[in-house]
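The values are calculated or read from the model by the stated rules, or taken from the named source; none is laboratory data. Model, not experiment: these values are computed from the prediction. Cβ placement follows ideal geometry from the backbone for every residue including glycine, while neighbour counts extend to all protein chains displayed. Note: areas computed on protein heavy atoms with side chains; ligands, DNA, RNA excluded. Shrake-Rupley method; radii C 1.70, N 1.55, O 1.52, S 1.80 Å.
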Amino acid sequence: QVQLVESGGGLVQPGGSLTLSCAATGFTFSSKVMSWYRQAPGKERELVADITSSGSTYYADSVKGRFTISRDNAKNTVNLQMNSLKPEDTAVYYCNVVLIGRHYWGQGTQVTVSS
């Protein structure tokens, strides 16, 4: 079965950095678009970044230039390097893959940016 397991969240001061990781099993990882979403309290879940099987990337305007998504097809992992973090980046971050039209999600990892 499909499993996505996120790790790497935590509390960080404004301007700091964190790297999130997502370990994927149960599908052919190397051929799928992998995405990171986030959901802040009281807000809808939003797409942060995604990466295609060939390595092409997309970033939301709010994170462009600060976040970097990458994947390791040998390890079935997708990472999100987050730099210059802002309080408004505080959210639960979710790994996502779409298979035959169905969205699969990890359990999420909390990122809190606060002094």
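Extending 7 Å from the Cα toward the beta-carbon at both Gln107 and Lys86 defines two label points whose distance is 3.1 nm. Of the heavy-atom accessible surface of the chain (probe 1.4 angstrom), what whole percent is carbon and sulfur? The nonpolar share, carbon plus sulfur, comes to 47 percent. In this calculation the C-beta distance from Thr25 to Thr52 is compared with R0 = 25 Å, giving a FRET efficiency of 0.80. Once the Cα-Cα distance is subtracted from the 0.36 nm per residue extended length, the Asn73 to Val33 segment shows a gain of 13.3 nm.
Within the shell defined by Cβ-Cβ distances under 14 Å, the residues around Asp89 carry a net charge of +2, with Lys and Arg each +1 and Asp and Glu each -1. Modelled label positions at Gln3 and Arg45, each set 7 Å beyond Cα in the direction of Cβ, lie 2.0 nm from each other.
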